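S.K.: Pasting in a structure now, in structure tokens, and then I'll have a few things to ask.
The values are calculated or read from the model by the stated rules, or taken from the named source; none is laboratory data. Just so it is clear, the model here is predicted, and its values are computed rather than measured. Counting neighbours? That spans all protein chains shown, and the Cβs are built from the backbone with ideal geometry, glycine included. We work out accessible area using only protein heavy atoms, side chains counted, and drop any ligands, DNA or RNA first. Shrake-Rupley method; radii C 1.70, N 1.55, O 1.52, S 1.80 Å.
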Amino acid sequence: MNTFFSSDQVSAPDRVALWHDVICRSYVPLNITLTSEQPFIGTVSTGNLGTVRIATSSSLPQQITRTRRLISQDEREYLMVGVQSAGHALVQQHGRTARVGRGGLVFWDTRHPYDILFPTDWRMSVFQFPRYSFGFTEDFIGRMTAVNVGGDRGIGRVVSSFMTSINDATDAGDLAEVASLHNSAVDLLSAAIRTELADQAAASDGLLECVLAYIRQNLADPNLCASQIAAEHNVSVRTLHRLFSATGQGVAEHIRTFRLERIKTELADPTSRRYTISALARKWGFLDPSTFSRAFKDAYGITAREWAASASAPPTEAS
């Protein structure tokens with residue numbers, strides 16, 4: 001690899017400006033915000049694997065941002081693959097945040113805005129693949145960026161080791177079968193991200209079932225809400241809402257639907273007739289009678305009183 005920049009070789013007043021210039025030439029145009037009060041320290045080195053540029057950087061804490069304005073000024077289109085070798089990174093794109101620890105892999109797309117935060121001292125190797133290299137669809141790219149592929153298990157560990165070995169061999173000038181290694185890297189990276197997304201989908205299905213069961217068990221709690229459910233399952237409210245987005249109903253809609261179903265069932269049960277309709281509504285979390293009445297009629301097209309009367313009426317004779 002060629003070392004483009006080392007802060008040890010530059011006077012302190014010039015380091016930050018030169019760092020910004022070298023980073024933009026080594027990657028793509030970016031905004032950089034340094035978050036450390038210490039005198040700046042950083043290094044950048046670059047190499048190539050055929051059409052793939054490899055840039056390895058390390059520095060003090062900072063935030064890197066690619067804005068729509070910068071994208072409009074730059075025609076290059078890459079899918080970046082970052083391999084974290086020290087510290088950790090928070091990669092944000094398409095509404096997701098991936099926390100990438102040592103050995104972890106993450107993709108991001110230079111055609112769309114992104115932020116990368118390095119909260120502590122860090123080192124990352126970035127493989128800059130031309131966007132066409134993988135043949136991914138636009139929809140798939142929108143789902144696979146800013147997703148952490150852990151380097152401590154399964155295929156993630158294999159691929160992380162492979163990409164690190166390529167980086168080391170590039171540094172030493174030992175690469176001969178460039179085309180073969182390029183194709184192997186594309187195949188392994190594709191398998192890693194597809195496996196990670198499949199695992200996350202399976203985990204989400206399991207989590208959704210647990211959350212739905214929790215909601216059903218706690219319908220009587222009038223304070224049942226998204227923040228309570230999220231805290232109970234150790235996820236963020238944002239993650240919870242994303243989990244429900246695929247069902248077509250939000251968290252609050254599910255709670256309301258389940259409550260109405262319980263009340264409707266009890267209104268048809270002769271053993272529940274000792275309760276007033278308002279009492280049943282309160283029993284299942286509707287503290288305001290008018291809110292309950294509107295919700296019931298909106299859901300079933302008749303009032304709760306009409307439903308209770310029809311459910312208790314004797315069957316008519318068949319003609």
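S.K.: Within segment 174-280, which helices (runs of 4 or more DSSP H) (wholly inside it) include 3 or more residues that are at pLDDT below 95 and among the hydroxyl-bearing types (Ser, Thr, Tyr)?
M.R.: Fully inside segment 174-280 and qualifying: 178-217.
S.K.: Being modelled with pLDDT of 95 or more and outside any strand (DSSP E or B) is the requirement here; does LEU70 meet it?
M.R.: It is true that LEU70 is modelled with pLDDT of 95 or more and outside any strand (DSSP E or B).
S.K.: Identify the residue in segment 18-46 that is surrounded by fewer than 20 Cβ atoms within 10 Å (Cβ to Cβ), in contact with a helix residue (DSSP H, G or I) (Cβ under 6 Å, 6 or more places away or on another chain) and not aliphatic (A, V, I, L, M) and, among all such residues, is farthest from THR170 (Cα to Cα).
M.R.: Looking at the filtered set, the residue picked out is PRO39.
S.K.: Now a separate question. Restricting attention to segment 195-202, does a residue exist that is touching a strand residue (DSSP E or B) at 6+ places or on another chain (Cβ under 6 Å) and over 22 Å from PHE296 (Cβ atoms)?
M.R.: Within segment 195-202, one or more residues are touching a strand residue (DSSP E or B) at 6+ places or on another chain (Cβ under 6 Å) and over 22 Å from PHE296 (Cβ atoms).
S.K.: Please go through segment 213-263 and give me each residue that is open to solvent by less than 30 Å² (accessible area, probe 1.4 Å) and either of a type outside the set (A, V, I, L, M, F, W, C) or under 30 Å from GLU306 (Cα atoms) (or both), ordered by number.
M.R.: Across segment 213-263, the qualifying residues are ILE215, LEU219, LEU224, GLY250, VAL251, HIS254, ILE255, PHE258, ARG259, LEU260, ILE263.
S.K.: Still on this structure: Of the numbered conditions (1) surrounded by fewer than 16 Cβ atoms within 10 Å (Cβ to Cβ); (2) without any contact (Cβ under 8 Å) to a residue 24 or more places away in the chain, GLU266 satisfies every one except a single condition; which is it?
M.R.: The failed condition is (1).
S.K.: On the basis of being open to solvent by less than 30 Å² (accessible area, probe 1.4 Å), over 28 Å from LEU243 (Cα atoms) and aromatic (Phe, Trp, Tyr), does PHE129 make the cut?
M.R.: Here the answer is yes, as PHE129 does meet what is asked.
S.K.: For PHE140, only one of the following conditions fails: (1) without any contact (Cβ under 8 Å) to a residue 24 or more places away in the chain; (2) open to solvent by less than 60 Å² (accessible area, probe 1.4 Å); (3) closer than 26 Å to THR33 by Cα; (4) not aliphatic (A, V, I, L, M). What is its number?
M.R.: (3)
S.K.: Would you point out which residue out of VAL81, VAL91 is touching a helix residue (DSSP H, G or I) at 6+ places or on another chain (Cβ under 9 Å) and open to solvent by less than 10 Å² (accessible area, probe 1.4 Å)?
M.R.: Among VAL81, VAL91, only VAL81 is touching a helix residue (DSSP H, G or I) at 6+ places or on another chain (Cβ under 9 Å) and open to solvent by less than 10 Å² (accessible area, probe 1.4 Å).
S.K.: On to the next question. From (1) crowded, with 17+ Cβ neighbours inside 10 Å; (2) within 30 Å of the chain's Cα centre (by Cα); (3) of a type outside the set (Phe, Trp, Tyr), pick out the condition that doesn't hold for ARG15.
M.R.: For ARG15, the failing item is (2).
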